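The values are calculated or read from the model by the stated rules, or taken from the named source; none is laboratory data. Nothing here was measured: the structure is a model prediction, and the numbers come from that model. Here the Cβ is made from the backbone with ideal geometry for all residues, glycine too, and neighbour counts use every protein chain on show. For the accessible areas, the whole protein counts, side chains as well, though only heavy atoms, and no ligand, DNA or RNA atoms are used. Shrake-Rupley method; radii C 1.70, N 1.55, O 1.52, S 1.80 Å.
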Amino acid sequence: MEVLHRISDSISNTLDLESVLKHIVEVVVEVTHADACLLYLLSPGKDELVLRASKNPHPRLIGRITLGLGEGITGWVARERMSVVIPSNASDDPRFKVFHNLPEDRYQAFVSVPILTKKEVVGVINVQHKRPRRYQADELALLTTIANQVGGAIENARLYEEMRRKVLQVETLSQVSETVTSNRLIEDIFQLIVAMVAQLMNSKICSIMLLDHEKGELRIVATQSLSEAYRRKPHLKVGQSISGRAVQERRPIIVPDVTKEHDYMFPDIARKEGLCSLLSVPMLVRDKALGVINTYTSVSHHFTAEETKVVQAIANQAAIAIEHTTLLDKSFEMQEALAVRKVVERAKGYLMRTRKLTEEEAFRLIQRQSMTLRKSMREVAEAILLAGEIEEQAAGGGKLA
């Protein structure tokens with residue numbers, strides 16, 4: 001009763017799932033005098049179990065150890081919704097699966113209990129002892145009760161997390177819209193977007209790569225990562241690696257683990273930076289790809305359809321910002337070209353009038369002076385007009401101000 005009361009307090013005091021799971025494994029180890037306790041949860045896609053908490057702790061393996069339904073004793077328990085109790089030589093069981101980076105897999109005694117909520121399996125708790133041990137009926141009953149409590153905690157925490165995530169998604173989309181329509185420089189807009197996406201997706205690294213249409217290459221223009229190795233990644237050709245494919249195929253691409261993906265071109269950088277899952281989303285405007293947004297997680301993550309749609313919406317807004325900037329640049333260039341044309345036309349008229357040149361001769365004279373002096377046509381034309389004004393004032397006896 002004391003143990004159940006402590007667990008109830010833990011569950012009621014926080015809705016943070018990671019904190020609850022960590023406390024649960026600590027309590028289980030304490031009350032069963034176990035040498036290890038591992039807690040797996042069913043992935044959102046419900047096709048695999050993911051290690052979410054353990055004691056003794058393996059912080060680098062949390063989120064990276066996975067089992068399919070029916071795989072190993074843990075997967076069998078989840079699929080069959082039945083507990084397994086092995087008092088000794090657990091690794092001799094034909095259902096056992098060894099993970100060489102988990103020392104607990106060489107332990108003797110093993111108890112595996114399904115975690116249920118609303119009669120559905122959501123995870124598994126494993127308790128292990130180094131030496132053979134005959135588990136008492138009251139211990140097994142306690143573990144089953146704890147598992148049921150954990151199931152309720154997981155349901156509440158997930159509901160809370162889903163609500164919090166949706167609020168954050170709406171806030172992020174609103175902030176992105178405000179950023180895109182602001183008067184900030186496009187470089188600043190990109191930097192703000194990667195920061196917001198990284199926070200929204202809990203990304204280890206988020207980046208924007210723009211497409212150079214002439215070269216057919218993607219290059220990183222913004223990332224919140226401080227890693228120089230990642231920032232200096234070589235440019236990608238369209239169709240190369242995951243980002244190049246996302247642009248070429250104009251669709252989001254999800255990779256569960258980039259270190260195991262044969263199409264991913266930078267597995268060494270991924271391992272060095274501790275990258276795992278990747279969502280690569282093209283930046284589209286009128287079905288034209290302008291670049292890609294990449295978001296990486298440090299642990300295995302199942303990107304949901306909802307998450308993909310949100311990142312796609314952000315990517316499309318970024319594409320609109322790029323097009324808007326491009327149109328402004330083109331408008332400025334057109335205005336500049338028109339201004340140059342007007343100055344050159346005035347200079348040609350002056351030369352035709354004062355030196356009796358044809359229009360073609362006047363233009364060639366301006367062009368030749370531009371090449372000889374290494375000045376722009378506009379600069380030469382303005383100099384001719386200024387010289388003309390000086391000559392006219394001198395001929396009329398006027399004075400320069």
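Assorted remarks:
- Picking from residues in segment 19-59 that are of a type in the set (D, E, K, R) and free of Cβ contacts under 8 Å to residues at least 40 places away in the same chain, the one that is least open to solvent (accessible area, probe 1.4 Å) is Glu48.
- No other residue among Gly152, Gly70 is at positive phi and not β-branched (Val, Ile, Thr) apart from Gly70.
- In segment 94-115, of all residues being outside any strand (DSSP E or B) and among the polar types (S, T, N, Q), the one that is modelled with the lowest pLDDT corresponds to Asn101.
- Segment 54-93, residues that are part of a loop (DSSP other than H, G, I, E, B) and at pLDDT 85 or above: Leu69, Gly70, Glu71, Arg81, Met82, Ser83, Pro87, Ser88, Asn89
- Contact annotation: residue pairs with Cβ atoms under 8 Å, 6 or more positions apart or on different chains, pairing a residue in segment 196-219 that is within 12 Å of Val247 (Cβ to Cβ) with a partner that is open to solvent by 20 Å² or more (accessible area, probe 1.4 Å) and part of a helix (DSSP H, G or I), are Leu210/Ile322.
- Residue selected from segment 216-244 under the condition closer than 22 Å to Ser298 by Cα and among the charged types (D, E, K, R), by the criterion least open to solvent (accessible area, probe 1.4 Å): Lys233
- Scanning segment 270-289 for residues that are in contact (Cβ under 8 Å) with a residue 40 or more places away in the chain and open to solvent by less than 20 Å² (accessible area, probe 1.4 Å) returns Leu275, Cys276, Leu279, Met283, Ala289.
- All of Gln248, Gln240, Gln191 fail the test of being within 15 Å of the chain's Cα centre (by Cα) and on the phi < 0 side of the Ramachandran plot, apart from Gln191.
- Residues that are surrounded by 14 or more Cβ atoms within 10 Å (Cβ to Cβ) and of a type in the set (Asp, Glu) within segment 118-160 comprise Glu139, Glu155, listed in sequence order.
- Glu155 vs. criteria of a type in the set (D, E, K, R), over 23 Å from Leu278 (Cα atoms) and under 21 Å from the mean Cα position of the chain (by Cα): no
- Filter pass, Val121 being assigned to a strand (DSSP E or B), of a type outside the set (D, E, K, R) and in contact with a Cys (Cβ under 7 Å, 6 or more places away or on another chain): no
- Subset of segment 260-269 [part of a helix (DSSP H, G or I) and surrounded by 15 or more Cβ atoms within 10 Å (Cβ to Cβ)]: Pro267, Ile269
- Boolean, Asp212 is open to solvent by 30 Å² or more (accessible area, probe 1.4 Å), among the acidic types (Asp, Glu), more than 19 Å from Ala319 (Cα to Cα) and more than 14 Å from the chain's Cα centre (by Cα): no
- Residue check for Ser207: within 12 Å of the chain's Cα centre (by Cα), in a loop (DSSP other than H, G, I, E, B) and among the polar types (S, T, N, Q): no
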